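The values are calculated or read from the model by the stated rules, or taken from the named source; none is laboratory data. Keep in mind that this is a model prediction, so the values were computed, not measured. Glycine gets a Cβ as well: all are built from the backbone with ideal geometry, and neighbour counts include every protein chain shown.
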Amino acid sequence: MIRKGLEGVKICKSSICFLDGENGRLYYRGIPVEELAEKSSFEETAYLLWFGKLPTKIELENFRKKMAECRELSDESVRMLHNLPKGLHYIDVLKIFLSIQGSTDEVDEDLEDKAIKIASVFPTILAYYYRYSQGKEIIRPRKDLSHVENFYYMMFGDTNGKVHLLESTFILLMEQDINASTFAALVIASTLSDMYSSIVGALGALKGPLHGGASEKVPPMLEEIGNEDRVEAFVQKCLSEKRKIMGFGHRVYRTFDPRAVYLKKVLQEHFSESRLFKIAQRLEEYIVSNRIKNIYPNVDLYSSILFEEFGFPRNMFTALFATARVVGWTAHVIEYVNDNKLIRPTSEYVGPLNVEYISIERRDEDGQNSC
Ligand SMILES: CC(C)(COP(=O)(O)OP(=O)(O)OC[C@H]1O[C@@H](n2cnc3c(N)ncnc32)[C@H](O)[C@@H]1OP(=O)(O)O)[C@@H](O)C(=O)NCCC(=O)NCCS
């Protein structure tokens, strides 16, 4: 039987995440994600996903230090980032950096150590390239700040009293079972390739607008709508043109995405005056109450507005998503290769067989006879 898009196909057993699509619930290692977003930190949730348990105080302290020590880039890497052409997409910057790093990194390191190293350095790569693109001096990472505080600091040279909201968003984005990008990472890992290659593949998959790239499409779409009164006309136009409404729909959630529900509340509490948020809320109200295609808002609808409020450039939104999701990707790679099986699906061949090979001299000018 063909399962287009591998819909509903289970490819492995996993104890990392449970996504209950019918009831709109998401758990990391059994803990409801809302609780982690509310009470945990980036480092603590990453530890949970990588090592399968919440850390003790000492474990967390040591782990924080380890991540902080992995933040800085070598002088050579800094020069490389500086010399990249300006205006690249931030996902591509990450891919370039990781491809180079993957060729020169130690081969026989623990996979967990490799994962920590890769995740710790994402914010530095993004912030340095951002500052270079703006013609500004780079800001070196600070070890006394948490992972997310330090990211904000390296970007904007400042601290922000609301940075915990950004941290909650990263926690919500950190993991989501075998989605397209995690699957891409696993396909590569299953060939026993290196972890950097898995993450480069995952980044490529995430960039697409049907996946993480939707976050960059949401703000321009809300601007195109312009105001709350134009929501209905916009939705009807999309339906008649068979155009996807960005930030809505999901392969697994058949009801509200719990991450969207959480972020909507955050925005209501802290950014209720945002013009884009007002339009997004009205869009949700119209689509859900009219049961349009039975779709619901997904995490990208509201995370993109939050990223906008924090002042990140729009072409960095997918890379911000990746800054969190890299933890889930690497956790799955580690789990999968422990009980590895090469991922190699097949197709149902529907073409002809035993077709005659026609020499180039005998082929028609119009190519009719060529295969
Ligand atoms: C995420 C997504 C790819 C899931 O798609 P899927 O599981 O393959 O579901 P389908 O695309 O087959 O959707 C089923 C139906 O709902 C419609 N649909 C799904 N999402 C839609 C959306 N965002 N806008 C308009 N229609 C949508 C499809 O057109 C299809 O209609 P049809 O049966 O008349 O052809 C899809 O919902 C989408 O493209 N969303 C917009 C992009 C986005 O926000 N991505 C981030 C996901 S977290």
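For the reader, a short list of remarks on this structure follows.
- Candidate set from the range 288-305 (those that are surrounded by fewer than 23 Cβ atoms within 10 Å (Cβ to Cβ) and among the aliphatic types (A, V, I, L, M)); member that is farthest from the ligand (Cβ to nearest atom): VAL288
- The set of residues in the range 1-32 that are more than 17 Å from ILE343 (Cβ to Cβ), within 13 Å of the ligand (Cβ to nearest atom) and out of contact with any helix residue (DSSP H, G or I) (no Cβ under 6 Å at 6 or more places or on another chain) comprises LYS4, LEU19, GLY21.
- There is at least one residue in the range 29-39 that is of a type in the set (D, E, K, R) and assigned to a loop (DSSP other than H, G, I, E, B).
- A residue that is modelled with pLDDT of 95 or more and in contact with a Cys (Cβ under 6 Å, 6 or more places away or on another chain) occurs nowhere in the range 356-370.
- Among the residues listed as GLU285, GLU273, GLU269, the single one being within 16 Å of the ligand (Cβ to nearest atom) and assigned by TED's automatic domain parsing to the domain that holds ASN227: GLU285
- If the condition is being touching a helix residue (DSSP H, G or I) at 6+ places or on another chain (Cβ under 7 Å) and either without any contact (Cβ under 8 Å) to a residue 60 or more places away in the chain or among the charged types (D, E, K, R) (or both), then the range 164-185 contributes GLU167, GLU175, ALA180, ALA184.
- The range 224-234 - residue that is farther than 21 Å from SER303 by Cα and surrounded by 12 or more Cβ atoms within 10 Å (Cβ to Cβ) and, of those, nearest to the ligand (Cβ to nearest atom): PHE234
- Look at the range 322-336: where a residue is farther than 19 Å from SER15 by Cβ and a partner is basic (Lys, Arg), sitting 6+ places away or on another chain with Cβ atoms under 9 Å, you get ALA322/LYS207.
- Residues of the range 132-156 that turn out to be of a type in the set (Gly, Ala, Ser) and out of contact with any helix residue (DSSP H, G or I) (no Cβ under 9 Å at 6 or more places or on another chain), as a count: 2
- Residue within the range 64-78 that is touching an Asp or Glu at 6+ places or on another chain (Cβ under 7 Å), over 27 Å from LEU172 (Cα atoms) and modelled with pLDDT under 95 present: no
- Among the residues of this structure, LEU320 counts as one that is within 16 Å of the ligand (Cβ to nearest atom), of a type outside the set (Ser, Thr, Tyr) and in the same structural domain as SER120 (by TED's automatic domain parsing).
- In the range 248-277, the residues that are without any contact (Cβ under 8 Å) to a residue 60 or more places away in the chain reach residues that are in a helix (DSSP H, G or I) and within 9 Å of the ligand (Cβ to nearest atom) with C-beta atoms within less than 8 angstrom, at least six apart or across chains, in these pairs: PHE248/ILE287; PHE248/LEU301; GLY249/LYS293; ALA260/VAL299; ALA260/LEU301.
- Residue check for VAL327: surrounded by 22 or more Cβ atoms within 10 Å (Cβ to Cβ), farther than 16 Å from GLY213 by Cβ and either in the same structural domain as ASP194 (by TED's automatic domain parsing) or not aromatic (Phe, Trp, Tyr) (or both): yes
- Neighbours by Cβ (under 8 Å, 6+ apart or cross-chain): first from the range 215-242, of a type in the set (Gly, Ala, Ser); second away from the ligand (no atom under 13 Å from the Cβ): SER215/PHE307; SER215/LEU320; GLY226/ILE279
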